[in-house]
1. Using beta carbons and a limit of 6 Å, which pairs, at least six apart or on different chains, have the first residue in segment 103-117 and farther than 13 Å from ALA71 by Cβ and the second one modelled with pLDDT under 75 and not in a helix (DSSP H, G or I)?
2. Could you count how many residues in segment 125-161 are of a type in the set (Val, Ile, Thr), over 27 Å from SER68 (Cβ atoms) and free of Cβ contacts under 8 Å to residues at least 40 places away in the same chain?
3. Tally up the residues in segment 1-57 that are in contact (Cβ under 8 Å) with a residue 24 or more places away in the chain, part of a helix (DSSP H, G or I) and under 20 Å from the mean Cα position of the chain (by Cα), please.
4. Mind listing whichever residues of segment 58-69 are among the charged types (D, E, K, R) and within 12 Å of the chain's Cα centre (by Cα)?
5. If I go through segment 176-219 residue by residue, how many of them are acidic (Asp, Glu) and out of contact with any Lys or Arg (no Cβ under 9 Å at 6 or more places or on another chain)?
6. Looking at (1) under 19 Å from ARG66 (Cβ atoms); (2) surrounded by fewer than 18 Cβ atoms within 10 Å (Cβ to Cβ), can you tell me which one ARG188 breaks?
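The values are calculated or read from the model by the stated rules, or taken from the named source; none is laboratory data. On a predicted model such as this, the values are computed, not experimentally measured, just so you know. Here the Cβ is made from the backbone with ideal geometry for all residues, glycine too, and neighbour counts use every protein chain on show.
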Amino acid sequence: MREIDKMVIEAADDALKLSALIERNEIFILRSAAKTARRYVSKSDDEWSIALSAFYEAVKKYSYDRGSFIAFAELIINRRLIDYFRAQNKYYNEKQVESVDDRVNSDDEESMKLEINAISLVIKGYGFTFMDLIESSPKAVKTKHACGKATAYLLKNPLLIYEMRKTRQLPLKTIEKKEKIPRKLLERHRKYIIAAVEILNGDYPYLAEYLSFIRGELK
């Protein structure tokens, strides 16, 4: 287990270790806040308080299956600051709102990049990359539906997700038997299904939008 990730897991339920972890990562928190705010951020700024709270949230939500904690924490900090900037719109005059909106749109793109980086670290553990998804993504409507059905089945069965993460393999036999999906189709789109499960079972709202069709399978 990576040292920082181990420290985070231990700190989640230990106030003293959490305090030490925060102190050790103050520069990282400030740097992450500055990256989103696109200006220097000090401890006297609101952005510091928001970023600190987001870091605490990341510690509490983190699990080793999420990949690198640093990438996950940066994602949460970025997202909470964007929420803050959006909320500020009502306090700005028209000209200032346009400026804030431009920043938010730019930060949406940054959030997408952060999510891609974060999920890339997760699926790397399964032996493939984000770019591999281009080849394994379903093209035909019927195939897309089948992949969505397989993904939804796993999302409804947390124990199978646990098994998938533990073995780093898609439970092909179980899905084939329960959902009547051809084994060859599952094997061909294994990477896509695994990535879809991790995205929809994780904290990746921007990437999840591209998989919205699967929500229909969850009903």
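1. none
2. Of the residues in segment 125-161, 1 are of a type in the set (Val, Ile, Thr), over 27 Å from SER68 (Cβ atoms) and free of Cβ contacts under 8 Å to residues at least 40 places away in the same chain.
3. 17
4. Once the filter is applied, which keeps residues that are among the charged types (D, E, K, R) and within 12 Å of the chain's Cα centre (by Cα), segment 58-69 yields LYS61, ASP65, ARG66.
5. Kept after step one, since they are acidic (Asp, Glu), are these residues of segment 176-219: 176, 179, 187, 198, 203, 209, 217.
Of the ones still in play, those that are also out of contact with any Lys or Arg (no Cβ under 9 Å at 6 or more places or on another chain) are 187, 209.
Summing the residues that are acidic (Asp, Glu) and out of contact with any Lys or Arg (no Cβ under 9 Å at 6 or more places or on another chain) in segment 176-219 gives 2.
6. Here ARG188 clears every test but (1).
Listed here are the residues, each with its yes/no results for (1) touching a strand residue (DSSP E or B) at 6+ places or on another chain (Cβ under 9 Å); (2) modelled with pLDDT under 90; (3) of a type in the set (D, E, K, R); (4) surrounded by 13 or more Cβ atoms within 10 Å (Cβ to Cβ).
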residue	(1), (2), (3), (4)
ILE50	no, no, no, yes
GLY67	no, yes, no, yes
SER99	no, yes, no, no
MET112	no, yes, no, yes
